[in-house]
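The next block holds one structure in the form of structure tokens; read it before the comments.
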Amino acid sequence: MKQFTYTITDPIGLHARPAGFLLRKAKAYQSTILVQAPNGRTANALKLMALMGMGAKVNEELVFTVEGEDEEKAAAELAAYLPEIL
Amino acid sequence: MISIQGQGASAGVICGPLYLFRRAPAPIAVDVAEDPGAEWARFKAAQTRASAQLEALAQRALERAGQEAADLFLTHQLLAEDLDLEDSVQRMIRLDGMNAEAAVDATSRHFMQFFLEMEDPYMRARAADVQDVGRRLLNILAGRVEAQLDLEFPVVLVSDDLAPSETIQLDKSKILAFVTEAGSITSHTAILARTMGIPAVVAAEGILHPQYEGQEVFVDGETGEVFLNADEPTRAALLAKRETQQRLALLLHDLKGKPNETLDGRMVQVACNISGPEDLPAVKANEGNGIGLLRSELLYLQTASCPTEEEQFCFYRNILEQMEGKLVVIRTLDIGADKQVDYLQLPAEENPALGMRAVRLCLTRPDLFRVQLRALYRASACGRMAILLPMIVSPWEFEACRDLCCEVQAELAAEGIPFDKNVPLGVMIETPAAAMMSEELAQLADFFSVGTNDLTQYTLACDRQSGVLDRFYDPHHPAVLRMIHRAADSIHRYGKWIGICGELAGDQQLTELFLAMGIDELSVSPNQVLPLRGTIRSIDTRLNRERLLDELGL
């Protein structure tokens, strides 16, 4: 299991567009990717409505938990990708 | 002749055949499904189809309307494929014995509710997207084609109201005008019409009559009138009006893309006065240099309780982002006098125009003001913003506001929230006091804007609401113009800039005088930008400057 955090810089928070990018990226991996917001809500990165429903806002820290065969690669690539979209 | 009175939502007169935009309502048969396996397969097939349609639409939107429109469809595609939506449909089919239609309908209602209950207004608005996707799935299940406009010739499009995804799918070259039975001047259709520059009438009750289909219809988007079977005099009058408008439009078209530059090479900023994001397409279409006045009170007047920090933040951010780095001057809450809201429970006043209004209210109720300032500074990170304080008559009032701004900035900094540390703080010149104190105020504030409606009312002691004072309420009165001149002089002495955002800014009889005074910016309603540009481009400020200022006398 790999874990890392990311702080949202998009002023609108985790809205439809970045959530969509995150989902498409997450599809590329075998691993299960869970995202947790400071309010305790957790969403699978493959679920758009659940991601948006977390209500994660700018400056909030998201905790990503990646588990599966390609977790090493998935976590590293995802962490590098997030600043581009969120 | 049949005449229907609606509400004008986008000006212009046009005549064409009436076309009824039919959207088949999606009837839901809540049948007990015989074979859950078959229902599930139907759903999966519909989902695949919807996904393919949306991908194609995204491609089309990208070519025709840009990335933002395409993103809408890509989001819809992901919603249609959403795993939670799928789970819910599957549960309802397998466990509750529903057919595919009923399961999709119940599921999309459930998720709409989920979004409607969220705190962030942006997220609440996503309920409409879920509904849109649900409708698409239901249409596919029922074997219906999504409503589309496939016409050989241009028509006047009549509907109840149009959803965002529907307007993007329309072939706009085939639409002469919109008439909707529902909707308001801020509805999506109305905004689209203004962007496209075609006439629109909303709230035209009774227009959705099957018998009208194909008939010739006249639409006047200014007065909100719609005529079927127009008689000869009406027809002649409307055609004449159309010709005048077209001539003017042609004239304005020539001015597009040209600078607001006088004959002697002086550039003048011509910005726009707006009340909300719905006015932005008109600002862009008319080439406003920025927003000279965003009246924030609309936010407060439209709601039943005080708008939250989050709601205000989203409102300002949206406008700043859409203006893409052009200056947006936001006037802080100007409630009181002729604009009252119940929930603030302000005591009734004998003389509200001289009472607890604008900045006086904000300094008396700092709790209220703080929420707005926090929202403003948070939004300042999303574009180029300036804050304008209304009804300042004394330097201490400005200093008190500035102190509050500093406190709010310190708060945000402590919370790690980004904001622009250099937001200019300006003062409205709308009382004789502010004009007479302009020397002192110019040493404090970063910029100034003249509100000519209030300045006229307070200088001439003439209630602007009163219908019987018309000939006494004279905005061209030398007393008013001298006030502006005096303020402009002292403000320029301290190297600050001054704009005019009241009615007078668009008064072309005064443009030359204002330029002689050295006014830096004129802020007008979007449709006045191009006519004003025409006037500016015809003026040589060297010619009459001395004479004009002499005549004004000071």
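The values are calculated or read from the model by the stated rules, or taken from the named source; none is laboratory data. Since we're looking at a predicted model, the values are computed, not measured. No Cβ is skipped: glycine too gets one built from the backbone with ideal geometry, and neighbour counts run over all protein chains shown. To get the accessible areas, we keep the full protein, side chains included, count just its heavy atoms, and leave off ligands, DNA and RNA. Shrake-Rupley method; radii C 1.70, N 1.55, O 1.52, S 1.80 Å.
Name every residue in region B:210-229 that is more than 21 Å from B:A9 (Cα to Cα) and surrounded by fewer than 17 Cβ atoms within 10 Å (Cβ to Cβ), in order of residue number. Break it down into steps so the answer makes sense when it comes.
Residues of region B:210-229 more than 21 Å from B:A9 (Cα to Cα): B:210-215, B:229.
Answer for region B:210-229, where residues must be more than 21 Å from B:A9 (Cα to Cα) and surrounded by fewer than 17 Cβ atoms within 10 Å (Cβ to Cβ): B:P210, B:Q211, B:E213, B:G214, B:Q215, B:N229.
How many of the residues making up region B:223-265 are among the β-branched types (V, I, T) and assigned to a helix (DSSP H, G or I)? Break it down stepwise before answering.
Going residue by residue through region B:223-265, those that are among the β-branched types (V, I, T) are B:223, B:226, B:234, B:244, B:262.
In the following step, the residues that additionally are assigned to a helix (DSSP H, G or I) were identified as B:234, B:244.
Total meeting the criteria: 2.
Under 6 Å between Cβ atoms, which residue pairs at least 6 apart in sequence (or on different chains) link something in region B:191-203 that is on the phi > 0 side of the Ramachandran plot with a partner that is open to solvent by 60 Å² or more (accessible area, probe 1.4 Å)?
What qualifies is B:A203/B:Q7.
Yes/no per residue for (1) over 24 Å from the mean Cα position of the chain (by Cα); (2) among the polar types (S, T, N, Q); (3) in the same structural domain as B:N289 (by TED's automatic domain parsing):
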site	(1), (2), (3)
B:A353	yes, no, yes
B:R374	no, no, yes
B:A379	no, no, yes
B:F398	yes, no, yes
B:E407	yes, no, yes
B:G426	no, no, yes
B:T431	yes, yes, yes
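Consider region B:253-278. How many of its residues are within 23 Å of B:T541 (Cβ to Cβ) and modelled with pLDDT under 90?
The number of residues fulfilling the criteria is 1.
Kindly state which strands (runs of 3 or more DSSP E) lie completely within chain A and contain at least 3 residues that are touching a residue at least 40 places away in the same chain (Cβ under 8 Å) and away from chain B (no Cβ under 14 Å).
Details: elements: A:2-7, A:32-36, A:42-44, A:61-67.
It comes to A:2-7, A:61-67.
Do we find a residue being open to solvent by less than 20 Å² (accessible area, probe 1.4 Å), more than 17 Å from A:Y81 (Cα to Cα) and in contact with an Asp or Glu (Cβ under 7 Å, 6 or more places away or on another chain) anywhere in region A:12-30?
no
List pairs: first residue in region B:407-424 and away from chain A (no Cβ under 12 Å), second residue of a type in the set (D, E) anywhere in the structure, Cβ distance under 9 angstrom, at least six positions apart or on different chains.
B:V423/B:D446; B:P424/B:D446
Would you call B:E287 more than 19 Å from B:A125 (Cα to Cα) and surrounded by fewer than 19 Cβ atoms within 10 Å (Cβ to Cβ)? Walk me through how you get there before you give the answer.
Numbers: more than 19 Å from B:A125 (Cα to Cα): yes; surrounded by fewer than 19 Cβ atoms within 10 Å (Cβ to Cβ): yes.
When the stated conditions are applied, B:E287 passes them.
What tally of residues in region B:235-264 results from selecting those that are without any contact (Cβ under 8 Å) to a residue 12 or more places away in the chain and loosely packed, with under 12 Cβ neighbours inside 10 Å?
Total meeting the criteria: 8.
For region B:75-92, does any single residue satisfy the condition of being within 14 Å of another protein chain (Cβ to nearest Cβ), closer than 26 Å to B:A163 by Cβ and small (G, A, S)?
The answer is yes, given that some residue of region B:75-92 is within 14 Å of another protein chain (Cβ to nearest Cβ), closer than 26 Å to B:A163 by Cβ and small (G, A, S).
Going through region B:381-403 one residue at a time, which ones are more than 13 Å from chain A (Cβ to nearest Cβ), open to solvent by 20 Å² or more (accessible area, probe 1.4 Å) and touching a residue at least 40 places away in the same chain (Cβ under 8 Å)?
B:R384, B:V393, B:S394, B:P395, B:E399, B:R402 - these are the residues of region B:381-403 that are more than 13 Å from chain A (Cβ to nearest Cβ), open to solvent by 20 Å² or more (accessible area, probe 1.4 Å) and touching a residue at least 40 places away in the same chain (Cβ under 8 Å).
Suppose we filter B:R533, B:R482 for residues that are in a helix (DSSP H, G or I), of a type in the set (D, E, K, R) and under 25 Å from the mean Cα position of the chain (by Cα); which single one remains?
Values: B:R482 fails: under 25 Å from the mean Cα position of the chain (by Cα).
Sole residue among the options that is in a helix (DSSP H, G or I), of a type in the set (D, E, K, R) and under 25 Å from the mean Cα position of the chain (by Cα): B:R533.
Looking at region B:10-34, which of the residues that are at pLDDT below 65 and of a type in the set (V, I, T) is nearest to B:G183 (Cα to Cα)?
Taking the candidates together, the pick is B:I28.
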